[in-house]
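Right, one structure below, let's go through it.
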Amino acid sequence: YPSCDVISRSVKLINASTEPIVIDRLMSTQIDFDHHGYQMSTFTGAWAREMTLNHMETKCGTLVNSSTTGVSSNRANPFFIISKMGTTEEFGSCYGFNLVYSGNHYSAAHVSAFGKLRVVSGINPNGFRFALDPGQTFQAPESIMTFSKGGFGGMSRNMHEFVQRFIVRGIWKTKERPVLINSWEAYYFKFTEDKLLKLAKRAKSIGVELFVLDDGWFGKRQDDTSSLGDWFVNTQKLPGGISGLSDKINGLGLDFGIWVEPEMVNADSDCYRAHPEWAVQISGFPHATGRNQMILDLTQEAVQNYLIETMSQVFSSGNVVYVKWDMNRIFTDNYSPTLRGREQGGFNFLYQKGLYRVLEALTLAFPHILFEGCASGGNRFDLGMLCYMPQMWASDNTDAYSRLSIQKGYSYGYPLSTMGAHISDTPNHQTLRNAPLETRYNVSCFGLLGLECNLVDYSKQALNKLSKEIVTYKKWRSVFQFGDFYRLSNPTLDSGTGFMVVSKDKKRAVAGIFQGLSRASAQDLILWCKGLETDKLYRLSSVAYKHNVKLFGDLINTALPVHIKNGSLAQHLISEFYQLEGEKETHLVSGSVLMEAGIKLKQGFMGMGYNGEVRLFQDFASRLYSIEMVE
């Protein structure tokens, strides 16, 4: 793929002999380097803290990045980097690797006794044995490789271009993704049709385009202990079924989407009672459930056909234009009663093939549906799933500050157009952290903007703010979703980070800076941009901000003629009707000035003397800046 400096490579093993053979190990790629002056960078984590970046020097022995959980996993994403020591965002030799596969994977960097580095990647040999009869072939997953001398940033943009152009398929490949609201964190399992419609009506009023009904709509589902596998509507919650609800949602002017978890089954379900042999479990041995559920055996064609049939019924039962496809546990047993003894070692590989057959059938049958993959958040964020689902739910952790590092981690190998990112309530449901609404919005912009909150309980002030933010997002949506992405290096931002997206024609861009914990008496904050035309003129403008007077607490009494008690009703009433204007930045300069000299932003708050020229930048604050070429 010369247009994005990417090479794909695979291996096909053909048994041309007259005897059966067994494959114990077959890597998709091997690359040898003449010396070992490199580092291996991997992305590890767990549920709700995906994609933590790790740099490890390749000095001696073997560094391994692998998953044995049955999925590509949040513990070790299959994407990894080999770079020369000292590589930065802009400079240095950088090699990116990924695998078009959703199961157990293995990558290793080994330094030999002679100081040479060998890198391999492919299916994890741990627990893998595949029987190959005479005349049969085995096709290993494709390995994706890229190189850039422009550091981590150059390598990332190669990968982004490749994923957007050659992995993502269908009508949503280049189509702008809608602003959605998901019902999960608003109601969890405790919803009625009336509650859903109130939430949808409020969402429509602020510019949301798509309403998504999450878990709890099927079987007798009231919690996570029952009904997975029973994909018929719970008419107590939805009297008119999916059709009736989707018609009412459409009547409000919103599109309709739905959540499913097709690969799973509960013991308390009609599906399991009718077909216990469909669940992945070893007969006669204790079985470990995860989230009270078992995995359906997708090595069986009958199970595949059942999922294709039942999901087709769900997707055609109303005007469904979006599907969130979830998977909320990893594999503990790796066994199918339909596989012969010597075939059991191929269980996980055959499961992935069965899953891909199901997804191929459904995405071809419903080409208009926007599929979003999810596996307890980012437990299966990989190129295999992205071949069928243009976007993935990046993490169940919706805390804005946590999401900064999670989305930054993904950005090394995956474009923003693949990352679902939602504004949620505060205190956040996973961390109990309070973050400003502006920051929750700003972080979500560097992904696919959605909402995961109970808007019914929001104040008019918060709804007005959200409405204006969504209008702004739609104006810049094509840049956010399909522009070139840059991670901004900023030594003046003490405990934060910066992102930037630039349109392909370099005429429009958005930069964001994000604060961690604020530091008193910090140095001047400078914004350095990337990716612009050096000799073109640009106008940089700050997105307008207003500040709640509660932000100052008791300090506001130093400027008022009367005393206002902190936390009092009077303070609350003032904050409802009066807000402080934030600082405004407007600069007309060349691209070279923006990138090389940077823009020194307005002075930060120092403890006293606030006015409209002072930047309030408290813990977890952030700013967005729009940049437009002046013709």
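The values are calculated or read from the model by the stated rules, or taken from the named source; none is laboratory data. Note that the structure is predicted; figures quoted are calculated from it, not measured. Reconstructed Cβ throughout: ideal geometry from the backbone, glycine too, with neighbour counts over all protein chains shown. Keep in mind that these areas ignore ligands, DNA and RNA; they rest on the heavy atoms of the full protein, side chains included. Shrake-Rupley method; radii C 1.70, N 1.55, O 1.52, S 1.80 Å.
Straight-distance candidates among the lysines for linking to LYS353, with alpha-carbon spacing under 20 Å and chain neighbours fewer than 8 residues away dropped: LYS12. Note on the chain: Kirkwood hydrodynamic radius from all Cα pairs is 26.2 Å, rounded to one decimal. VAL630 sits among other residues whose Cβ lies under 13 Å from its own Cβ, and their net charge, with Lys and Arg +1 and Asp and Glu -1, is +1.
Can you send over the carbon and sulfur percentage of the accessible area for segment 148-193, probe radius 1.4 Å, protein chains only?
Answer for segment 148-193 is 56 percent, counting heavy atoms of protein chains only.
Rolling a 1.4 Å probe over the protein heavy atoms gives the chain an accessible area of 40 Å² per residue.
Relative to the dominant Cα principal axis of the chain, helix 151-162 is inclined by about 60°. Dividing the C-alpha radius of gyration of segment 120-175 by 2.2 N^0.38 Å, with N its residue count, gives 1.66. For segment 534-631, the number of Lys pairs with C-alpha atoms closer than 16 Å, counting only pairs eight or more positions apart or on separate chains, is 5. Straight-distance candidates among the aspartates and glutamates for linking to LYS198, with alpha-carbon spacing under 12 Å and chain neighbours fewer than 8 residues away dropped: ASP457. A straight chain from THR225 to LYS468 at 0.36 nm per residue would run longer than the Cα-Cα distance by 83.4 nm.
Considering only DSSP beta bridges with both partners in the chain, what is the antiparallel share in %, to the nearest 5? Among the beta bridges of the chain, antiparallel pairing accounts for roughly 75 percent.
The local environment of ARG342, defined by Cβ-Cβ distances under 14 Å, has a net charge of -2 under the rule Lys, Arg +1 and Asp, Glu -1.
Taking Cβ atoms as reference points and 12 Å as the exclusive limit, the residues near TRP528 contribute a net charge of 0, counting Lys and Arg as +1 and Asp and Glu as -1. Tell me the angle of helix 347-365 to the major Cα principal axis of the chain, expressed in degrees between 0 and 90 and rounded to the nearest ten. Once rounded, the angle reads 60 degrees. Of all lysines in the structure, those lying under 20 Å Cα to Cα from LYS173, and not within fewer than 8 positions of it along the same chain, are LYS324, LYS474, LYS475, LYS504.
Helix 193-205 and the longest principal axis of the C-alpha atoms of the chain enclose an angle of approximately 50°.
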